[in-house]
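Novice: I'd like to ask some things about the structure below.
Every number here is computed from the coordinates shown, using simple stated rules; none is lab data. Everything numeric in this text was worked out from a predicted model, so none of it was measured. When we count neighbours, we look across all protein chains shown, and the Cβ atoms used for this are built from the backbone with ideal geometry, even at glycine.
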Amino acid sequence: MSNLLKKLAGQTALYGLSSVVGRAANFLLVPIYTAILHPGAFGVITELYAYVAFLNIVYLYGLETGYFRFAKKEGLNEKDSFSISFSSLLVSTCFFTLVFILLSKPLAGLLLYQDHSEYIILLALILATDSLSALPFARLRWKQKPALFASLKLLSIFVNIGLNLLFLWVLPMISIPPDHIAAPLVDFLRSQDEVSKILLANLIGNIVPIPFLFSVMKGFAFTLRKGIRQELLSYCIPLLWMGLAGMVNEVMDRILLKYLLPDNFYPGQTSLYAVGVYGACYKLSMFMTLAIQSFRYAADPFFFSKAADKNAPEVFAKVMTWFVISCLFIFLLVSIFLPYFGLLLRSPAYREGLYIVPYLLLANLFLGIYYNLSMWYKLTDKTIFGTYLSITGAVITLMGNLLLIPFIGYFGSALTTLACYMIMACLSWYFGQKHYPIPYQVGKILLYISLSVGLVIGSTFLHTDNTLLDLAMKGLLLLSYPVFIYLLEIKKISSKLS
């Protein structure tokens with residue numbers, strides 16, 4: 001078992017390189033955005049990317065998981081599964097993208113951006129390039145090539161970051177003669193607003209890795225084998241509804257804030273201003289999100305490949321325990337040192353919402369637990385349960401935001417997010433034990449969560465104007481957690497091995 005866990009941890013680290021290192025570098029854009037962009041403009045970006053999150057689910061409609069599942073299905077092989085999946089994706093992506101481009105003006109008006117139909121066109125192209133590269137990247141995961149996967153993901157991220165810096169920071173400061181060969185391009189870029197520049201940088205970053213993915217397409221043949229495709233879609237459609245409901249949980253708060261906040265709820269500020277503050281503070285929970293995403297990249301193929309082993313339930317239970325232990329360290333690190341992490345938001349206006357960050361970190365921890373638990377319905381082909389659970393979460397999200405935003409603003413959104421993921425994780429564990437029993441160490445996990453929450457609450461009473469002393473006290477508080485884990489976990493393992 002230990003070798004399997006080490007292998008999973010190693011692959012998680014490699015997959016995580018693209019997410020953690022890349023997005024950590026990408027996070028460096030947050031100080032740039034919060035220094036250059038007014039919170040209202042940051043609110044526009046936050047809202048548009050909330051819609052992108054929804055539409056990414058529509059564009060992919062569960063085909064990544066479907067590809068993994070059918071690659072091991074009797075009567076098929078991995079090449080057939082990839083060809084059928086990618087062929088379906090190619091047709092649907094072209095259709096969706098064409099529709100959005102043709103309807104860009106009315107859609108922009110519907111979102112109250114009637115003078116910016118280019119936002120819709122750029123978003124459609126971003127979605128298209130995202131979806132068309134998703135299955136080749138999934139194939140790299142199947143073939144266990146995490147190094148190539150990480151390299152291409154990092155390439156995309158760093159191109160995006162570089163272009164953001166160029167468009168937002170460098171171009172406004174440089175002077176180019178009117179007869180210079182680059183003058184027309186520079187003039188065009190300067191004529192665009194900040195939102196369009198950010199979207200254009202994202203699009204180019206998506207395009208750059210695509211030529212390098214052609215080698216991954218080896219063996220692909222366009223085919224829409226009716227019987228198998230229908231079976232594949234029957235497996236994937238519940239995942240689509242589950243994904244859409246899941247996105248309601250993840251991003252609907254940022255959409256609803258724009259429409260539900262009463263006038264002047266935050267004195268002198270617009271609703272988009274509040275969306276910008278909330279979106280910037282939400283970025284600080286990204287550290288937890290990155291850990292979860294890194295784990296998922298490695299865990300999906302790992303769980304599917306090990307499901308038939310007789311000791312799989314014990315392995316899965318151990319994976320869960322160490323997943324929670326690792327994520328709780330991130331929760332503690334960011335929450336205890338939150339005043340210092342908050343300095344990444346360069347304008348003090350964005351720091352008004354820092355108090356919601358621990359709630360969002362804890363919410364994302366429960367989301368990670370839910371992802372871990374969700375393997376039971378994927379392995380038993382009962383994906384409809386995932387749909388039920390996600391819809392339950394969506395109802396909680398909608399009701400919670402509708403009820404709380406008018407009274408407590410974005411703090412209501414943070415509380416709703418925490419309640420949603422906590423309830424979803426509990427329900428998934430309950431049904432999972434009935435259909436695919438796994439001996440999770442529930443008592444130990446709850447103990448670790450309770451300890452961590454207690455340490456965060458305790459940290460709020462530790463404050464001094466002496467920065468070095470403050471850092472030392474918070475550091476000692478943080479250190480108590482790994483010491484506790486050592487005494488309860490590592491020391492016990494070492495004694496068994498000796």
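Novice: Cβ under 14 Å from ALA108's Cβ, ALA108 left aside: what net charge do those residues give with Lys, Arg +1 and Asp, Glu -1?
Specialist: Net charge around ALA108: -3.
Novice: For segment 234-302, taking Cα atoms only, what is the radius of gyration to one decimal and the Dmax to the nearest whole Å?
Specialist: Cα-based Rg and Dmax for segment 234-302 come out at 16.5, 51 Å.
Novice: Could you work out how far the C-alpha centroid of segment 40-115 sits from that of segment 241-258, in angstrom?
Specialist: Here the two parts' Cα centres lie 16 Å apart.
Novice: Follow-up. Considering all projection directions equally, how large on average is the shadow of the alpha-carbon convex hull of the chain, in square nanometres?
Specialist: Answer in nm², one decimal: 26.3.
Novice: So, one more: From the convex hull of the Cα coordinates of segment 258-332, what is the mean projected area in square nanometres?
Specialist: 7.4
Novice: A further question on this structure: Past 18 Å, Cα to Cα, is the threshold; run LYS318/LYS444; LYS79/LYS218; LYS143/LYS378; LYS145/LYS218; LYS145/LYS382; LYS382/LYS434 against it and keep the listed order.
Specialist: Where the Cα-Cα span goes over 18 Å, the pairs concerned are LYS143/LYS378; LYS145/LYS382.
Novice: Which semi-axis lengths, in whole Å and largest first, follow from the square roots of five times the eigenvalues of the Cα gyration tensor of segment 288-356?
Specialist: Details: eigenvalues 264, 31, 9 Å².
That gives 36, 12, 7 Å for the three semi-axes.
Novice: Placing one identical point scatterer on every Cα of segment 380-465 and ignoring solvent, what is log10 I(q)/I(0) from the Debye formula at q = 0.21, 0.27 Å⁻¹?
Specialist: After summing over all Cα pairs, the log10 values are -1.05, -1.17.
Novice: Oh, and also: Explain nothing, just the number: relative contact order of the chain, from Cα pairs under 8 Å at least 6 residues apart, as a whole percent.
Specialist: The value is 22 percent.
Novice: Would you mind ranking TRP429, TRP322 by Cβ crowding within 10 Å, fewest neighbours first? Could the numbers behind the result be given before it?
Specialist: Working: TRP429 18, TRP322 14.
Fewest to most other Cβ atoms nearby, the residues stand as TRP322, TRP429.
Novice: In whole Å and largest first, what semi-axes does the C-alpha gyration tensor of segment 67-126 yield when each eigenvalue is scaled by 5 and square-rooted?
Specialist: 37, 9, 8
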